[in-house]
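Visitor: What follows is a structure written as structure tokens; I'll ask about it next.
Derivation of every value follows stated rules applied to the coordinates shown; laboratory data play no part. As the structure is a prediction and not an experimental result, all values here were calculated from the model. Methodologically, a virtual Cβ is constructed for each residue, glycine included, from the backbone with ideal geometry; neighbour enumeration extends over all protein chains shown.
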Amino acid sequence: MSEAKPLRFAVTGGIGCGKSATGTALQGLGVAVLDSDDLAHALLSGDAAVHAAIRARFGDGVFSDGKVDRRALGAVVFAALATRADLEAILHPRIRTLTDEWLAAQPATQPAAVIIPLLYEVGRDEDFAIVVSVACSPATQSARLKQRGWSETEISRRLAAQLPTEEKVKRAQAVIWTEGAVENHAEQWRTILPQLAHRLA
């Protein structure tokens, strides 16, 4: 009998659909979790090459006190498809490399998940045998984004930059519904994780 493959999978979902909360639930169940948004924030915060590339493309207006002003940068890049593509061209190759290095460093016995919000949009779904999408109702998603202090315009622009939640749900191998508390996420994961491992057996 062939040895089971290490459990490696991607988690995706629309903005405000509960990816971070479900990542916390996974960690509580012993799964190693890497959030690609955290990698992006780290690159924006302290990577000199990234800062130079962003300054060259977007100018000094997206910097404050020598650091990337993420709110100002977001206002620019989500205003037009071309500018968003330019930022992705700066960040995504670096994020991909860091993600691959992290996965390679995980022990074979350690279940590992990578949270990638734009998984389908950037074609990274082809790198994972299993994709799990988190999802919630449009009303819950909108309420969560408003709690972040975003305007209706900002919310509309962010949502327009991603595949609709229903499309991600349709493409994924499994779905976690995030309407309830984190404990509810964990309960769903307890059921789904053995099923995911069985797929790779």
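Visitor: Angle between the Cα long axis of helix 138-147 and the longest principal axis of the chain, 0 to 90 degrees, nearest 10?
Guide: For helix 138-147, the angle is close to 50 degrees.
Visitor: With r as the distance between the Cβ atoms of Gln195 and Ala72 and R0 = 25 Å, compute the FRET efficiency 1/(1 + (r/R0)^6) and round to 0.05.
Guide: Efficiency, rounded to the nearest 0.05: 0.05.
Visitor: Over the range 99-201, what per residue volume does the convex hull of the Cα atoms give, in whole Å³?
Guide: That works out to 127 Å³ per residue.
Visitor: Would you mind telling me which residue in Val122, Val114, Val169 has the biggest mean-square fluctuation in a Gaussian network model of the chain, where springs connect alpha carbons within a distance under 10 angstrom?
Guide: Among Val122, Val114, Val169, the largest mean-square fluctuation in the Gaussian network model of the chain belongs to Val122.
Visitor: If the viscosity is 1.306 mPa s and the temperature 10 °C, what translational diffusion coefficient in µm²/s does Stokes-Einstein give for the range 24-74 when Rh comes from Kirkwood over Cα pairs?
Guide: The Stokes-Einstein estimate is 128 µm²/s.
Visitor: Any idea what the relative contact order of the range 4-130 is, in percent, if you count C-alpha pairs under 8 Å spaced at least 6 apart?
Guide: The normalised contact order for the range 4-130 reaches 51 percent.
Visitor: Between beta-carbons, use under 10 Å as the cut-off and find the net charge around Ser64, counting Lys and Arg +1, Asp and Glu -1.
Guide: With Lys, Arg at +1 and Asp, Glu at -1, the net is 0.
Visitor: For the chain, just run the numbers: alpha carbon Rg, then divide by 2.2 N^0.38 Å, N being how many residues it has.
Guide: Expressed relative to 2.2 N^0.38 Å, the Cα Rg reads 1.06.
Visitor: In a GNM of the chain with a 10 Å cut-off on Cα contacts, which of Asp38, Asp86, Asp65 has the highest mean-square fluctuation?
Guide: Ranking Asp38, Asp86, Asp65 by mean-square fluctuation puts Asp65 first.
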